[in-house]
Amino acid sequence: MAASDSLEEQDTLAAAADAAANAPERVLNQDEIDSLLGFEVGEEVVPERNGIDAIVNSALVSYERLPMLEIVFDRLVRLMTVSLRNFTSDNVEVSLDNVSSIRFGDYLNSIPLPAILAVFRAKQWDNYGMFTVDSNLIYSIVDVLLGGRRGTAAMRIEGRPYTTIELNLVQRMIEVVLQDVQAAFEPLSPVTLDLDRMETNPRFAAIARPANAAILVKLRVDMEDRGGRIEMMLPYATLEPIR
């Protein structure tokens, strides 16, 4: 009886193996291929990455893992509001638009030109950071510091490089902001920030490898009807000593 049961089981397994061998090969459909590669078609919001896309982006660490930075940036907004009011003798309001993680190369490619990029060095951290000042803020600062009338929008002149006067005025503003960044980080990690150079071409402001992750802080500066945006880029390698 046991022998017959064993023979029947072997026959069943052999039949299943023959059926699997003779079955036509299964071809993945487009949805399965997209899922394997990490693409989500037809969905505006993708809650999590999967497949190859997750492997490629695994190096991007969320800034939320560094909770002390929120306190630092809130403090920075308050300090900048006071210092830029004193610097411009105008009613300046600074607000924090967004803090996000991004690859350095992607950020350089997304900078709207014309703009001024200010590279600074953090001595104690032995690394670099960068400010990007957009054209709206540049012309607004120049207009305010050179006595432009209040309530009038700053005039933008496209198609020409920034003059020496404009670069010098923006440099003075960046030096004021650097002092505020130092003061904001003081309770966490004392650091000395020195302006290294000013650039107008993003290719000359490469302070990290394109694939390196960085924190992007977007700040909005409003002066009544004028204003613009200033962005601070801090590679994770720069913040590594204070993690």
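Criterion applied to Arg160, Arg229, Arg197 was being modelled with pLDDT of 90 or more and surrounded by fewer than 17 Cβ atoms within 10 Å (Cβ to Cβ), and the one residue passing it is Arg197.
What do you reckon, is Asn57 exposed (fewer than 14 other Cβ atoms within 10 Å of the Cβ), of a type outside the set (Gly, Ala, Ser) and either under 15 Å from Met233 (Cα atoms) or at pLDDT 90 or above (or both)? No: the conditions fail for Asn57. Kindly provide the set of residues from the range 107-137 that are part of a helix (DSSP H, G or I) and either over 12 Å from Pro235 (Cα atoms) or of a type in the set (Gly, Ala, Ser) (or both), ordered by number. Leu108, Asn109, Ser110, Ser135, Asn136, Leu137 - these are the residues of the range 107-137 that are part of a helix (DSSP H, G or I) and either over 12 Å from Pro235 (Cα atoms) or of a type in the set (Gly, Ala, Ser) (or both). A Cβ distance below 8 Å, combined with a sequence gap of six or more or placement on separate chains, defines the contacts here; from the range 183-200, residues that are over 14 Å from Leu76 (Cβ atoms) and in contact (Cβ under 8 Å) with a residue 40 or more places away in the chain reach residues that are hydroxyl-bearing (Ser, Thr, Tyr) and not in a helix (DSSP H, G or I) in the pairs Asp196/Tyr128; Thr200/Tyr162.
Kindly evaluate Asp74 against the criterion of being acidic (Asp, Glu) and at pLDDT below 90. Even if it seems obvious, please write down each step before you answer.
Numbers: acidic (Asp, Glu): yes; at pLDDT below 90: no.
Judged against the criteria, Asp74 is not a match.
Considering only residues that are free of Cβ contacts under 8 Å to residues at least 40 places away in the same chain, more than 24 Å from the chain's Cα centre (by Cα) and under 15 Å from Asp222 (Cβ atoms), which ones fall in the range 67-90? The answer is Val82, Arg85. Given the condition surrounded by 17 or more Cβ atoms within 10 Å (Cβ to Cβ), part of a strand (DSSP E or B), among the hydrophobic types (A, V, I, L, M, F, W, C) and at pLDDT 90 or above, answer yes or no: does some residue in the range 88-98 qualify? Within the range 88-98, one or more residues are surrounded by 17 or more Cβ atoms within 10 Å (Cβ to Cβ), part of a strand (DSSP E or B), among the hydrophobic types (A, V, I, L, M, F, W, C) and at pLDDT 90 or above. Of all residues in the range 231-238, at least one satisfies being assigned by TED's automatic domain parsing to the domain that holds Leu84, in contact with a strand residue (DSSP E or B) (Cβ under 9 Å, 6 or more places away or on another chain), farther than 24 Å from Ser95 by Cα and of a type outside the set (S, T, N, Q). Pairs meeting the criteria (first residue in the range 101-130 and without any contact (Cβ under 8 Å) to a residue 12 or more places away in the chain and buried (at least 18 other Cβ atoms within 10 Å of the Cβ), second residue in a helix (DSSP H, G or I) and among the hydrophobic types (A, V, I, L, M, F, W, C), beta carbons under 9 Å, at least 6 apart or on different chains) are lacking. Inspection of the range 205-214 finds a residue satisfying the criterion of being buried (at least 17 other Cβ atoms within 10 Å of the Cβ), assigned by TED's automatic domain parsing to the domain that holds Phe104, in a strand (DSSP E or B) and touching a Pro at 6+ places or on another chain (Cβ under 8 Å).
The values are calculated or read from the model by the stated rules, or taken from the named source; none is laboratory data. All values reported here derive from a predicted model rather than from experimental measurement. Heads up, the Cβs are rebuilt from the backbone with ideal geometry, glycines too, and the neighbour counts pull from every protein chain shown.
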